[in-house]
Amino acid sequence: MIRLPEPDGTVREYSPRTEPLALTTSGPLTSRTVFSAAHVVADPYADTSPDSPAAVDWDATLAFRHHLWSQGLGVAEAMDTAQRGMGLDWTGAAELIRRSAAEARGVGGLIACGVGTDQLTGPAGLADVRKAYEEQLALVEETGSQAILMASRALAAAASGPEDYLDLYGHLLRQASEPVILHWLGPMFDPALDGYWGSADLDTATETFLDVIAAHPDKVDGIKVSLLDARREVELRRRLPEGVRCYTGDDFHYPELIAGDEQGFSHALLGIFDPLAPLAADAVRTLDTGDVEGFRATLDPTVALSRHLFQNPTRFYKTGVVLLAWLAGHQDHFTMVGGLQSARSLPHLARAYELADGLGLFPDPALAEARMRSLLTVYGVPR
């Protein structure tokens, strides 16, 4: 038994699993294109502060990308899950993109990389925003990776209305050499993105978003929608031009959105697939055979863990993701760039461990239990 703290200050006993879940971990995924947004591994020995540039353990970070590729998943690089703008600055992100793209070429791994404007550190006008996007788009395309045009805090601050979004995105899409993924990240993930596409009203913002796509359908491979609103995603998905994909970014409703309905389905680009990679890949392989019920039976039970990790404040979900990577043996420590290992409470982390263990996610349950006990000891939980 292991003693886990509750939010009310009590401690209860939990009996961990002794065996991991048996999963199919080989073979490509054929019915859906699935990206996992991947976290970065901090260098735990670096003498840094939360305000310092990120110190990254490159070997461990790249090894985790190989883990994702080995499951048949694509890597969505330098995205929100990699603490982009929350510990990882543009200099660090650029290096991450270069290194990951080179590794992807070496193994034939699928990769797409985030293009933003986070090199801008102060007030910026629209011309500055455009130049920043252009710089990052050029770097991503030079590496041979697909570009993901991320939502920009600087653009949200500089734009005066929908016309500014239509003009700037139109310019970028005309300039892109290959079709890109457009990313709509909601304010629950980043409060600075409130009112994106020129309006805080989501219906109005949706129309602007669709106008951008309709003007350049040949330059849009797909859209990633992270609004945690399944109904809105389905409605948006049904209005996309033919050939433009929807990649769900909804970490609350992903099983039903990926499964789809008689009018279509979503592909996936999800942060929760970082800790869920083997199980998610196994589920999609089941879906590849046409077994929708089997797919849902595998993936539906994971939603409780995802909802827990992504609970408010949603932007701190990365703390739980990195905790689970440590417990699963993908890294040797529970340290994050920017010191964000402190962003969630001990009861929150304990519940994440319990939910992940209950799913059989840990390849070595005894290792996960031992590491969780060490964390509890640091926090003073009695044995």
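Using the structure shown, decide if Ala94 is open to solvent by less than 10 Å² (accessible area, probe 1.4 Å), at pLDDT 95 or above, within 23 Å of Gly339 (Cα to Cα) and outside any loop (DSSP other than H, G, I, E, B).
Considered against the rule, which asks whether it is open to solvent by less than 10 Å² (accessible area, probe 1.4 Å), at pLDDT 95 or above, within 23 Å of Gly339 (Cα to Cα) and outside any loop (DSSP other than H, G, I, E, B), Ala94 comes out as yes.
Could you tell me which of the residues Gly294, Gly329, Gly339 is outside any helix (DSSP H, G or I) and either within 15 Å of Pro255 (Cα to Cα) or of a type outside the set (S, T, N, Q) (or both)?
Of Gly294, Gly329, Gly339, the one residue that is outside any helix (DSSP H, G or I) and either within 15 Å of Pro255 (Cα to Cα) or of a type outside the set (S, T, N, Q) (or both) is Gly329.
So, in region 175-188, of the ones that are open to solvent by 10 Å² or more (accessible area, probe 1.4 Å) and within 20 Å of the chain's Cα centre (by Cα), which residue ends up farthest from Thr117 (Cα to Cα)?
The qualifying residue farthest from Thr117 (Cα to Cα) is Met188.
So in region 241-268, with the set limited to residues that are open to solvent by 30 Å² or more (accessible area, probe 1.4 Å) and either part of a strand (DSSP E or B) or among the acidic types (Asp, Glu) (or both), which one is farthest from Gly74 (Cα to Cα)?
Within region 241-268, the match that is farthest from Gly74 (Cα to Cα) is Glu262.
Mind telling me which of the residues Ala124, Ala192, Ala154 ends up being touching a Pro at 6+ places or on another chain (Cβ under 9 Å), without any contact (Cβ under 8 Å) to a residue 60 or more places away in the chain and open to solvent by less than 60 Å² (accessible area, probe 1.4 Å)?
Ala154
Exactly one condition in (1) over 29 Å from Arg285 (Cβ atoms); (2) open to solvent by less than 70 Å² (accessible area, probe 1.4 Å) is false for Asp203; which is it?
(2) is the only condition that Asp203 fails.
Consider Cys113 against the criteria (1) open to solvent by 30 Å² or more (accessible area, probe 1.4 Å); (2) touching a helix residue (DSSP H, G or I) at 6+ places or on another chain (Cβ under 6 Å); (3) without any contact (Cβ under 8 Å) to a residue 40 or more places away in the chain; (4) not small (Gly, Ala, Ser): it satisfies all of them except one. Which criterion is unmet?
It fails just one condition, (1).
Do we have any residue at all in region 325-337 that's open to solvent by 10 Å² or more (accessible area, probe 1.4 Å) and within 24 Å of Asp8 (Cα to Cα)?
Within region 325-337 (the criterion being open to solvent by 10 Å² or more (accessible area, probe 1.4 Å) and within 24 Å of Asp8 (Cα to Cα)), the answer is no, since none of the residues qualifies.
Among the listed residues Arg237, Arg307, Arg285, Arg296, identify the single one that is charged (D, E, K, R), buried (at least 18 other Cβ atoms within 10 Å of the Cβ) and free of Cβ contacts under 8 Å to residues at least 60 places away in the same chain.
Matching residue, one of Arg237, Arg307, Arg285, Arg296: Arg237.
Looking at Arg344, Arg371, can you tell me which residue is surrounded by 20 or more Cβ atoms within 10 Å (Cβ to Cβ), at pLDDT 95 or above and in a helix (DSSP H, G or I)?
Being surrounded by 20 or more Cβ atoms within 10 Å (Cβ to Cβ), at pLDDT 95 or above and in a helix (DSSP H, G or I) holds for just one of Arg344, Arg371, which is Arg371.
Report, by residue number, each residue of region 209-231 that is touching an Asp or Glu at 6+ places or on another chain (Cβ under 9 Å) and open to solvent by less than 50 Å² (accessible area, probe 1.4 Å).
Lys219, Asp221, Val225, Ser226, Leu227, Leu228, Asp229, Ala230
Looking only at region 29-44, count every residue that is in contact with an Asp or Glu (Cβ under 9 Å, 6 or more places away or on another chain) and either in a loop (DSSP other than H, G, I, E, B) or acidic (Asp, Glu) (or both) and tell me the total.
Residues that pass the stated criteria total 10.
The values are calculated or read from the model by the stated rules, or taken from the named source; none is laboratory data. Bear in mind that the values here come from a model prediction, so they are computed numbers and not experimental data. Neighbour counts are summed over all protein chains in view; Cβ atoms, including those assigned to glycine, are modelled from backbone coordinates with ideal geometry. Please note that ligands, DNA and RNA were not included when accessible areas were found on the heavy atoms of the full protein model with its side chains. Shrake-Rupley method; radii C 1.70, N 1.55, O 1.52, S 1.80 Å.
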